[in-house]
Each structure stands twice: as C-alpha cells, then as structure tokens.
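Each remark here refers to the structure printed beneath this line.
Every number here is computed from the coordinates shown, using simple stated rules; none is lab data. Since we're looking at a predicted model, the values are computed, not measured. FYI the Cβ positions are ideal-geometry reconstructions off the backbone, even for glycines, and counts take in every protein chain you see.
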Protein chains: 2
Amino acid sequence: MSLKSLGTELRCQCINKESRFIHPKLIQNVELIPSGPHCANTEVIATMKTGKKICLEPTAPWVKILIKAIMENQKL
Amino acid sequence: MSLKSLGTELRCQCINKESRFIHPKLIQNVELIPSGPHCANTEVIATMKTGKKICLEPTAPWVKILIKAIMENQKL
C-alpha cells in the first residue's frame, strides 16, 4: 500500500511513489495535492478504474505528460 | 452549486466552471478527471481549504499555470 490515508491529512499521504508507466486508460482520475506545511512535496494520487489509489512520482516524465494530456483534453 | 455530485459518476460532474482567478493559497487540492465516455471534456475540481468544491475551467490560463506550479512543487 503506497497510501497512508484517503482523507484530508495533516501530513504527507504518499509513502511510495510509482515512477513506472501506468496506462492512462486504467486511470479514472488524478488528485494533485500542493506542497504546504503538511508536506514538503507535491503529491499526485491516481485513482484507478478498479478503485485502487496509487501515488505517482510528480517528477517522472510520463506523469508530467499524463497531466498535460488530461489538461489538453487529449484522448487517453 | 457548480458540482452535481462528489462521488464517482457516469456523467459530467461540473455544471458551471470558474474561469476567474482563485488564490492558490485557498486551494487544498485539485482533482483532474480525464474525458471519456462519461463526459466529453476534462473536468478540474478544486477543493478549497474550507472544504467547498469548485469546478475550474481547464482552458483558463490561470488554471493551466496553477496545475503547472503544483506539478513543479512551487510555493503557492
């Protein structure tokens, strides 16, 4: 499990972050949690179509491309 | 209310989309929902620190800058 909790937390949510490619078709949505007093780094949490939540590595090139593609309304 | 529902839905979530600037310091997290059979357009839903959810216009320049800033772990 790479996620401590699914609710609003006062600390970082992600323990492990996935850098390996996950096919965008398997992803239902992506939550971006900005860094702040609760956590020094941005957290990116993907909810899979299966319901499983996976923390993504925000600096991984494929993650950046994924976010850009979603924002540009590209077909995933 | 600009949001039909907060759960996983089979249709678009956003009725109205906010294009006006909202200060990033007020935003707790941002959910990106890719387009798909349920909805033709990407949906961007910000959860405010107050708990209120607001749909953002994905094509608004400030929204694009916000997402980029979060991904780059910039201080908001």
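Worth pointing out:
- Net +/- balance of residues flanking A:M71 in space, Cβ distance below 15 Å, scoring K and R +1, D and E -1: 0
- The antiparallel fraction among DSSP beta bridges confined to segment A:7-76 stands at about 90%.
- For peptide A:24-37, the mean count of partner chain Cβ atoms within 10 Å of a residue's Cβ comes to 5.
- Here's how it looks for A:N29: its modeled amide H is under 5 Å from those of A:T47, which are all 5 or more places away or on a different chain.
- Reachable lysines from A:K49, criterion Cα separation under 24 angstrom, eight or more residues apart if same chain: A:K4, A:K17, A:K25, A:K64, A:K68, A:K75, B:K4, B:K53
- Sorted shortest first, the distances from the A:H38 label point to those of the same residue in the other copies are 2.3 nm; each point sits 7 Å from Cα along Cα-to-Cβ.
- For A:K25, inter-copy label distances in nm, listed shortest first [label point 7 Å out on the Cα-Cβ vector]: 4.5
- Each stretch of four or more DSSP H residues adds -39500 (n - 2.57); spread over every residue of chain B, this sum gives -4500 deg cm²/dmol at 222 nm.
- Prolate/oblate/rounded label for the protein assembly as shown (Cα gyration tensor, a/c 1.5): rounded
- With a cut-off of 9 Å between beta carbons, the residues surrounding A:E31 carry a summed charge of -1, where Lys and Arg count +1 and Asp and Glu -1.
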